[in-house]
Amino acid sequence: MKRILLLTLLALLVSATGTFARNVDLVTLPPREGVQLTIYNNEDLTLVRETRNVTFKKGINRLQFSWANTLIDPTSVFLRPLAQDTQIEVMDTTFPSDRPQVLIWNVQSAFEGQVPVEVTYFTSGISWKADYVMITDPGETTMNIDGFVSVQNHSGEEYEGAEVRLVVGVVNLVEKIAQLAQVTKETSPSVAEPVKMRAQAMRAALDEAECKDQMAAPCGAMAGETEAPKIVKEGLSEYFIFTVGGRQNVKEGWSQRMISFRAEDVPFEVLYRYRAHQYGDRPVRFFLLANDTEHKMGESPLPNGLIQVFRRNQLDGLAYYTTQETKYIPIREKIELNVGTDDQLVYKRMIHDAERRDFLFDDNPPVVVGWDELQTWKEEVRNYRDKPVTIEFRHLLSGDVEFEMEEGPPSLYDFQTVEYKLVFPAHKTLSWNSTGLFHLGRKQKQNSIRLVK
């Protein structure tokens with residue numbers, strides 16, 4: 001097991017002449033009283049907040065912090081007392097040249113006794129990912145959704161009994177820290193000052209990303225050790241913080257999976273789409289829902305992850321549909337699940353007739369320079385399912401085209417795409433014709449479709 005971070009207190013006595021005496025005691029601090037991890041997935045950064053009880057003596061105290069064999073960013077390490085803060089002052093931070101991966105705080109204290117302190121820092125190597133399992137009822141009208149998050153720790157450090165918080169959305173953290181790189185050589189402070197500035201910039205950025213101090217405990221909403229982890233969501237403008245209930249043992253080299261939310265009897269819509277230029281020559285089935293309270297999905301965004309979709313059959317088994325990736329889903333955003341083609345639905349489209357007419361000639365020499373071509377398509381759908389289905393059609397037609405159809409009415413998705421939606425009864429066959437008048441050669445005036453009423 002990688003070594004645990006060690007924070008030691010070294011008290012120095014000051015002689016009457018003002019010089020330092022020899023080190024007279026070395027105190028190893030007790031284990032962490034608490035630790036909180038806030039994982040920013042997009043930036044490979046985790047904010048760690050540790051609380052420990054430190055015994056101070058009046059005068060100068062020296063606190064040592066080590067990050068050996070870990071991915072901790074030493075320039076981000078920050079110490080502050082949680083009590084007696086008017087009597088305790090962190091005077092400076094030094095990095096001994098003869099002791100790599102160690103820093104020392106010189107702390108001036110007018111108080112003698114035990115004080116809780118908070119140590120915060122950034123580390124890399126801790127990440128999380130989300131996945132979802134969606135199971136529909138046999139009739140494909142509602143579904144149950146289980147959301148999970150998995151935390152992986154490769155930071156070199158172990159965090160036992162940690163409160164875990166997961167940031168969903170965009171946090172402008174690295175951009176603010178990167179502003180420090182804009183300091184020119186002429187205005188650069190001393191060697192130690194950039195370290196201090198970088199830490200201060202991180203603190204300022206985190207103040208925006210974190211809960212207020214008085215809300216930190218409610219965000220955690222700590223459950224008992226025997227309860228299953230739950231996720232508490234908190235809105236912070238562009239992003240959300242998900243807090244896993246209970247205390248988690250985030251071990252080095254381990255991955256832990258926990259449930260983030262459950263939604264039951266979520267209503268959804270089944271829609272077929274025919275788009276030959278996107279999906280091929282067969283209609284594709286989609287399950288449509290939205291991340292809102294109307295669809296019983298709650299009031300928080302969903303992180304990006306993998307979605308697995310199943311259907312419960314009549315024998316208490318599961319039929320597998322698809323696995324697909326989803327991007328970050330904001331509140332009230334629609335969710336579209338492509339579950340593939342359907343063998344119980346047959347669609348055919350063919351050119352039924354084609355005719356060239358209304359030729360335009362150039363007299364010298366006499367040649368055809370423009371004409372119209374009238375194409376007639378026959379479309380047919382055979383629905384073998386036990387219930388009606390809705391199909392949304394999109395046909396891409398290039399050129400100067402006048403479009404007309406028997407069913408409808410059609411609309412324009414864009415200047416080259418016709419769109420219409422039809423409902424097909426169960427166990428029925430429905431066919432219809434549509435026409436396109438293409439103006440070709442010099443008769444082409446534009447590159448778009450016009451609908452004929």
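The values are calculated or read from the model by the stated rules, or taken from the named source; none is laboratory data. Bear in mind that the values here come from a model prediction, so they are computed numbers and not experimental data. Cβ atoms come from the backbone with ideal geometry, glycine included; neighbour counts cover every protein chain shown.
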For R257: the one exception among (1) crowded, with 17+ Cβ neighbours inside 10 Å; (2) modelled with pLDDT under 95 | (1)
Cβ-Cβ under 9 Å pairs, at least 6 apart or on other chains, segment 309-320 side on the phi > 0 side of the Ramachandran plot, far side of a type in the set (F, W, Y) and surrounded by 13 or more Cβ atoms within 10 Å (Cβ to Cβ) = none
So, in segment 330-389, of the ones that are without any contact (Cβ under 8 Å) to a residue 24 or more places away in the chain and of a type in the set (F, W, Y), which residue ends up nearest to K443 (Cα to Cα)?
-> F359
In segment 348-372, what residues are surrounded by 15 or more Cβ atoms within 10 Å (Cβ to Cβ) and in contact with an Asp or Glu (Cβ under 7 Å, 6 or more places away or on another chain)?
-> R349, W371, D372
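Would you point out the residue of segment 316-349, among those that are closer than 22 Å to T293 by Cα and in a loop (DSSP other than H, G, I, E, B), that is nearest to the chain's Cα centre (by Cα)?
Y328
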Any residue at all in segment 269-287 that is in contact (Cβ under 8 Å) with a residue 24 or more places away in the chain, assigned to a strand (DSSP E or B) and more than 25 Å from D386 (Cα to Cα)?
-> no
In this structure, does G113 turn out to be touching a Phe, Trp or Tyr at 6+ places or on another chain (Cβ under 9 Å) and not acidic (D, E)?
-> yes
Restricted to segment 53-99 and to residues being assigned to a loop (DSSP other than H, G, I, E, B) and hydrophobic (A, V, I, L, M, F, W, C), the residue nearest to G253 (Cα to Cα) is L71
